[in-house]
Amino acid sequence: MPAATRPEIDATLALRRRGLTLALLTITYFFSYMDRQILAILLELIKADLKLDDTQLGLLSGLAFALFYAVLGIPVARLADRTSRRDIIAVSLAIWSAMTAACGLAQNFVQLLLARIGVGIGEAGSSPPSHSIIADLYPPEKRAGAMAIYSLGVVLGAGVGTFIGGTVAHAYGWRAAMLAIGLPGVALAIIVRMFVVEPKRGLSDVQRVEDQQPVPSLGQGFASLWRNAAAVHLVMGVTITSLVGYATTGWGPSYMQRSLGLSLLDVSLYVAPIGTLLGAASAVFGGRLADRLAARHGIHVQSWVVMGMKALAVPLVVAFILVDDPLLAIACYWASLLFANSYLGPSFALIQGLAPLRLRALWAAITLLVINLLGLGLGPMLVGIVSDALRPSMGADSLRYALLAVYALTPLALFHYWRAGVLLKRAG
């Protein structure tokens, strides 16, 4: 698209308003994750109302959403590399918010499945263009911190969604909770369209991208990422981490209710708010620590920061899953969140820093394609399948051991982050 027809604004104004833009993109991501994860706190109510098994719940929580979300992210990213990223985000926000509300109208599994697919279709247009805008507004030395702020949408969305969804569902039912979570996003879409800036591509990089340069093809985009070994290891690390994280987040509230004896309100009013604050602190601290250590020792350290923080969380998560005492289990869960949510900002900042300027949205979409097909798509569904398979022998504890089985993949993620750091150090 010719530069004259792009809705880009003056560089000075774009940089002056980058804080507002980052805030609005973070709020949009917050709504995205809230709408995506609202199902977690409602699973037990939906299971009883629609007479579903754990495999069906896992499909609703994971693959039904992830397949369309991930696959459609690629063409959306190609569009974002050519035209207004701001407009794509606003339209997508309106779509997924409306479809979340539509989930509350579903009368059976198929209808709820179709509505969840609609949420996935809408959310496909959010993260790739957002990553691209943030990378253009913040230079490499500040990018991990900015991405960490953006990643707060994950932590806050899951926590606030659990709080609002659980309390509304307790009083009015799970359908009302879906409506309460979904409808406000339509109004937010208008605000995003009005106030998010569309910066010049490559604005904050020493090298500037020229408008007349052709956008590389889709195949060139995939090939360029595949040729970068550090990027491949980063994608694998964040994918396995996300698989484990989506499995734990998606089934955590159900596990707390089934195996620890907590009520819906206990999870919503007490566990979720504290967990949200701790997870948010982890995300911000992880990004800032990665930026500070990278400035002192080199950009490769960011990958090792993620590895170290995730390693510290391992024994705490295992204790949360295996301990029978509810208070001790929840304490371990809260403590794990101080470390577990530190990976998103540095991971995506490193990938965006390695990406060619005209391929940032596409590299983000490729990363999200892998993350969501394997992570979000398989994580919750694997837990559901294993839980159903173990139920005849394990009874009510089948979910506990299904979560533990999936969490056992974590050491693979640690290896990939270590290897990415090694390769980045050699290159840098």
Q.
Being among the aromatic types (Phe, Trp, Tyr), at pLDDT below 90 and crowded, with 17+ Cβ neighbours inside 10 Å: is that true of residue 246 here?
A. yes
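The rows are residues; the columns are (1) over 27 Å from residue 48 (Cβ atoms); (2) in contact with a helix residue (DSSP H, G or I) (Cβ under 6 Å, 6 or more places away or on another chain); (3) surrounded by fewer than 24 Cβ atoms within 10 Å (Cβ to Cβ).
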site: 133; (1), (2), (3): yes, yes, no
site: 151; (1), (2), (3): yes, yes, no
site: 158; (1), (2), (3): no, yes, no
site: 170; (1), (2), (3): no, yes, yes
Q.
Looking at residue 296 and the list (1) touching a helix residue (DSSP H, G or I) at 6+ places or on another chain (Cβ under 9 Å); (2) free of Cβ contacts under 8 Å to residues at least 12 places away in the same chain, which single condition is not satisfied?
A. (1)
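Taking the stated definitions as given, is residue 251 under 21 Å from the mean Cα position of the chain (by Cα), assigned to a helix (DSSP H, G or I), of a type in the set (Phe, Trp, Tyr) and surrounded by fewer than 24 Cβ atoms within 10 Å (Cβ to Cβ)? Before the answer, list the steps.
Details: under 21 Å from the mean Cα position of the chain (by Cα): yes; assigned to a helix (DSSP H, G or I): yes; of a type in the set (Phe, Trp, Tyr): yes; surrounded by fewer than 24 Cβ atoms within 10 Å (Cβ to Cβ): no.
In short, no.
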Q.
Go through region 93-124 and report how many residues are of a type outside the set (Asp, Glu), assigned to a helix (DSSP H, G or I) and in contact (Cβ under 8 Å) with a residue 60 or more places away in the chain.
A. 13
Q: Quick one: residue 161 ticks every box in (1) modelled with pLDDT of 85 or more; (2) closer than 21 Å to residue 15 by Cα except a single one, so which number is it?
A: (2)
(Q) Can you list residue pairs whose Cβ atoms sit under 6 Å apart, with the first residue in region 358-372 being surrounded by fewer than 24 Cβ atoms within 10 Å (Cβ to Cβ) and the second being hydroxyl-bearing (Ser, Thr, Tyr)? Count only pairs 6 or more apart in sequence or on different chains. (A) 370/239
Q) What number of residues in region 400-418 are surrounded by 17 or more Cβ atoms within 10 Å (Cβ to Cβ) and under 23 Å from the mean Cα position of the chain (by Cα)? A) 10
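Specify the residue that is modelled with the lowest pLDDT; the eligible residues are those in region 95-143 that are aliphatic (A, V, I, L, M) and under 19 Å from residue 23 (Cβ atoms).
Residues of region 95-143 that are aliphatic (A, V, I, L, M), as a first pass: 95, 98-99, 101-102, 105-106, 110, 112-115, 117, 119, 121, 124, 133-135, 137.
Then drop every residue that is not under 19 Å from residue 23 (Cβ atoms), which leaves 133-135, 137.
On the way: 133: 88, 134: 89, 135: 83, 137: 87.
Applying the filter and picking the extreme gives 135.
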Q.
Looking at region 61-89 only, could you name the residues that are under 17 Å from residue 118 (Cβ atoms) and small (Gly, Ala, Ser)?
A. 61, 62, 64, 66, 70, 73
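Of 148, 144, 158, 176, which residue is among the hydrophobic types (A, V, I, L, M, F, W, C), touching a Pro at 6+ places or on another chain (Cβ under 6 Å), touching a residue at least 60 places away in the same chain (Cβ under 8 Å) and more than 19 Å from residue 80 (Cα to Cα)?
Details: 148 fails: touching a Pro at 6+ places or on another chain (Cβ under 6 Å); 158 fails: touching a Pro at 6+ places or on another chain (Cβ under 6 Å); 176 fails: touching a Pro at 6+ places or on another chain (Cβ under 6 Å).
Going through 148, 144, 158, 176 in turn, the sole match is 144.
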(Q) Quick check on region 289-313: of everything there that is charged (D, E, K, R) and buried (at least 17 other Cβ atoms within 10 Å of the Cβ), which residue is modelled with the lowest pLDDT? (A) 291
Q. What are the residue pairs meeting all of these: first residue in region 250-262, first residue touching a residue at least 40 places away in the same chain (Cβ under 8 Å), second residue surrounded by fewer than 19 Cβ atoms within 10 Å (Cβ to Cβ) and not in a helix (DSSP H, G or I), Cβ atoms under 9 Å, and 6 or more apart or on different chains?
A. 257/263; 259/324; 260/323; 260/324; 260/325
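Taking region 42-73, which residues are over 15 Å from residue 247 (Cβ atoms), in a helix (DSSP H, G or I) and at pLDDT 90 or above? Step through it out loud before you land on a result.
So the first thing to find is which residues in region 42-73 are over 15 Å from residue 247 (Cβ atoms), and the list is 42, 44-53, 56, 64, 67-73.
Still in the running and in a helix (DSSP H, G or I): 42, 44-50, 56, 64, 67-73.
Passing the criteria: 42, 44, 45, 46, 47, 48, 49, 50, 56.
For region 260-279, enumerate the residues that are among the small types (Gly, Ala, Ser), surrounded by 21 or more Cβ atoms within 10 Å (Cβ to Cβ) and either outside any helix (DSSP H, G or I) or under 20 Å from the mean Cα position of the chain (by Cα) (or both).
Taking region 260-279 as the starting set, the residues that turn out to be among the small types (Gly, Ala, Ser) are 261, 263, 268, 272, 275, 279.
Subset that is surrounded by 21 or more Cβ atoms within 10 Å (Cβ to Cβ): 268, 272, 275, 279.
Listed by number, the residues that qualify are 272, 275, 279.
The values are calculated or read from the model by the stated rules, or taken from the named source; none is laboratory data. As the structure is a computational prediction, the values presented were derived from the model and not from experiment. Methodologically, a virtual Cβ is constructed for each residue, glycine included, from the backbone with ideal geometry; neighbour enumeration extends over all protein chains shown.
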